[in-house]
Amino acid sequence: IMYRVQDTVINKKLSDFQFFFFQAEDGIRDAQESRGLGDVYKRQTQSTWGLYKSEYIKMSRRFDSKVNSFSAEGKLLQVEYAVEAINKSRPGIGALIKDGAILGAVKDVVSALLERTRQSEKIYCLDKNIYCVVSGVSADGNYLIDYARGLAQDYRFQMREYINVEKLVVDICDQKQYYTQFGGSRLFGAAFIYAGYDTTHGFQLYNSDPSGNYAGWKATAIGTNSIAANSFLKDEYQEDINLDQGLDLVVKSLSKTLDTSSPSADKIELLVLQLDENKQVKARFLNEKEITELLKRNNILKEKVAE
């Protein structure tokens with residue numbers, strides 16, 4: 001009886017398991033009591049139920065290790081774990097302004113002994129008209145950045161024009177979503193904020209998560225303390241703000257994500273996207289001197305840096 005019960009409920013929820021178990025239990029109790037073996041029945045029932053309960057708990061944990069299996073609550077737990085990894089990484093922020101877009105990020109300062117890189121650590125170019133901020137596992141982000149650059153170049157080669165911003169975002173998210181459906185693979189532990197321009201919709205801002213979902217925003221934040229930064233953006237953001245107002249907004253939002261209330265300029269990256277006189281997208285990184293002036297203007301600069 002017990003073996004048949006175990007085979008029947010191997011993939012059922014705990015409530016169904018208990019139902020079938022106690023059905024078998026009733027039959028055993030009647031047989032044992034008819035022979036005056038009540039104590040034997042009690043010990044047998046307790047030990048058997050404890051064994052099956054522990055086996056059920058082991059089975060329930062299998063949902064954690066399979067990216068393509070839903071849990072009993074209807075969740076993909078590996079997706080939630082990937083999002084949690086992003087929430088523990090360095091933050092990134094994006095905002096649309098009247099005539100362009102701004103991206104901001106906080107650098108990963110691992111050690112003062114590391115040689116400073118000659119390129120951006122958090123903000124990357126996908127094509128001449130599209131840039132992004134990455135947060136999460138750096139290796140995963142680098143793979144997706146190279147993948148996106150390949151898509152953009154293939155499109156330009158075939159169509160003789162720059163790729164639309166949303167089309168590139170959709171193609172990247174399709175690649176992310178693919179890895180949520182097949183076993184034996186791991187999700188990409190990276191989230192992005194994309195800022196770009198095309199002649200169809202002008203300047204646009206999107207973000208995407210490891211599940212492959214994406215959304216368009218006027219301003220948004222990802223990474224550590226993104227809830228506080230998004231709350232600040234929700235209260236302070238206004239449409240049609242100019243460049244100076246947008247830079248102030250992004251710098252203040254970044255300060256909300258940091259553990260210190262007085263960040264230094266060498267830990268912050270800022271990128272401004274605008275159109276030049278020929279209606280071509282022009283991207284410009286702010287240098288440390290400009291970022292220092294911004295921090296001074298908003299009263300969030302370390303005193304030793306200000307000196």
Next item on the list: For residue 259 paired with residue 296, estimate the spin-label separation in nm (one decimal), with each label point 7 Å from Cα along the Cα-to-Cβ line.
Entry: 2.9 nm
Next item on the list: Please check which bits of the range 158-192 a label hung off residue 200 would reach, taking the label as a point 7 Å along Cα-to-C-beta and the cut-off as backbone N under 18 Å.
Entry: 158-175
Note to self: Just to confirm a number: summing +1 for Lys and Arg and -1 for Asp and Glu over residues other than residue 91 whose beta-carbon lies under 12 angstrom from that of residue 91, what do you get?
What the structure shows: +3
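Tell me whether the range 86-213 comes out rounded, prolate or oblate; compute the Cα gyration tensor, take square roots of the eigenvalues as a ≥ b ≥ c, and use a/c under 1.5 as the rounded threshold.
Details: a/c = 1.65, a/b = 1.15, b/c = 1.44.
The shape class here is oblate.
Can you give me the accessible area per residue for the range 190-246, using a 1.4 Å probe, in Å²? Working shown, then result.
Details: 2740 Å² over 57 residues.
Per-residue accessible area for the range 190-246 comes out at 48 Å².
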Item checked: Of all accessible heavy-atom area on the range 182-307, the percent that carbon and sulfur account for (1.4 Å) -> 44 percent
Notebook entry, point to check: What translational D, rounded to a whole number of µm²/s, comes out for the range 171-307 from Stokes-Einstein when the hydrodynamic radius is the Kirkwood one over Cα pairs, at 10 °C and 1.306 mPa s?
Noted result: 93 µm²/s
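Extension gain residue 175-residue 114, at 0.36 nm per residue separation less the Cα-Cα distance, in nm?
On the way: separation 61, 0.36 × 61 = 21.96 nm, distance 3.32 nm.
Taking residue 175 through residue 114 to full extension adds about 18.6 nm, to one decimal.
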Note to self: Taking the Cα of residue 266, stepping 7 Å toward and past its beta carbon, and measuring to each backbone N in the range 83-110: which are under 20 Å?
What the structure shows: 90-91, 105-110
Margin query: Quick check: pseudo-label points 7 Å beyond the Cα along Cα→Cβ at residue 80 and residue 280, how many nm apart are they?
Written below: 5.0 nm
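How would you classify the range 151-219 from its alpha-carbon gyration tensor, with a ≥ b ≥ c the square roots of the eigenvalues: rounded for a/c under 1.5, else prolate if a/b is greater than b/c, otherwise oblate? Please list the in-between numbers first.
Details: a/c = 3.24, a/b = 1.47, b/c = 2.20.
Here the range 151-219 falls in the oblate category.
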Next item on the list: Under 1.5 on a/c is rounded, so check that first for the range 203-242, then, if it is not, pick prolate when a/b is larger than b/c and oblate when it is not; a ≥ b ≥ c are the square roots of the alpha carbon gyration tensor eigenvalues.
Entry: oblate
Check: For the pair residue 70 and residue 239, how long in nm is the line joining their label points, each one 7 Å along Cα→Cβ?
Finding: 3.8 nm
Next item on the list: Step through the table entries 252/289; 234/256; 128/267; 88/267; 98/279, compare each Cα-Cα distance with 22 Å, and write down the pairs that go over it.
Entry: 128/267
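The values are calculated or read from the model by the stated rules, or taken from the named source; none is laboratory data. The shown structure was predicted, so the numbers you read here are calculated from the model rather than taken from an experiment. Note that we place each Cβ from the backbone using ideal geometry, even for glycine, and neighbour counts take in every protein chain shown. What goes into the accessible areas is simple: the full protein's heavy atoms, side chains included, and nothing from ligands, DNA or RNA. Shrake-Rupley method; radii C 1.70, N 1.55, O 1.52, S 1.80 Å.
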